[in-house]
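The block underneath contains the structure these notes are about, expressed in structure tokens.
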Amino acid sequence: MSERDRVGNGYPPSGGGNFGETTPLYGGAGGRVPDTGPLAPERIVPGVFQPPPPPFTPPPPFTPPAKNKRGGGSRRPLKWLLATAGGAALLLGVAFVLFYVLREPPGFTIVIEGAPSGSAVFVDDAQRGRIAADGRIRVADLRPGRRFVRITQDGYEEFSQSITGDSGETRTVLATLVSTNKEVPTALPTEIDYNGAMVLVPAGEFVMGIDTGKADERPAHNVTLPAYYIDKFETTNAQYKKFCDATNRAYPLNPWWTKQVMNAKVNAPARHI
């Protein structure tokens, strides 16, 4: 094989010459043949069409992601939090309105006094408890308006009374139950002498209070008292002077016409007490 054939077939020249041409290092095909060095420039093979290199296109400039004015990233988390807070506030507002619109108005309270201990207390035919040892019971949260109170106890007549109350009020009922034993004690004398003549007032019932009076006078109700004694005559000046001396109390004021009323008219009824 001649030297030219060796070179044409891609073999290196045997004598190191290049015959005036660039000798490829491998292959017999034309085109760009790289040199053996890693940074060597490309060589041009004569007689082979070399296409022009593609035009250089610079990469697009780097654009950072958009940020909001407050410097945060996306606004979606903030919007989501605002929407959630608004929804929660709306639900709380609706619940608040429903609570005050649909709830029942506050009731009133009845305080019952004077009934025997253990008596059953009914309001509108529903039992609300029993009278305590001190003779009282407090019944609260009653619907405003007119309520019917009934009290029962063995050995006593049933007590009943209607009472009207407004929201927030406290009404008092004095419940005096009458014993079913109607026997009048025969051992009590009709008149006695106890620092003066006294007469017997039998046990009985009377109406105390008035429906149209002041708060501490309402309502009119029946009261039953046991038998008791009362002075047959008015208290005299002599009797009241004796009481004042024994208890170190001041005498009542004298009228303008005399300064010795307690001593001058000892048997006259006591005045200005």
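The values are calculated or read from the model by the stated rules, or taken from the named source; none is laboratory data. Being a predicted model, the structure only gives us computed values, none of them experimental. Heads up, the Cβs are rebuilt from the backbone with ideal geometry, glycines too, and the neighbour counts pull from every protein chain shown.
General observations
- Selection from segment 242-259 of residues that are at pLDDT 85 or above and of a type in the set (D, E, K, R): K242, D245, R249
- Restricted to segment 132-231, the set of strands (runs of 3 or more DSSP E) holding at least 3 residues that are free of Cβ contacts under 8 Å to residues at least 60 places away in the same chain comprises 136-142, 145-152, 159-165, 191-193, 197-201, 204-208, 221-225, 228-231.
- Flag not set for M262, criterion: at pLDDT 90 or above and surrounded by 11 or more Cβ atoms within 10 Å (Cβ to Cβ).
- Tally, over segment 116-130, of residues that are surrounded by 14 or more Cβ atoms within 10 Å (Cβ to Cβ) and either touching a residue at least 24 places away in the same chain (Cβ under 8 Å) or not assigned by TED's automatic domain parsing to the domain that holds E158 (or both): 6
- For segment 95-109, the condition holds for at least one residue, the condition being that it is under 25 Å from V207 (Cα atoms) and modelled with pLDDT of 85 or more.
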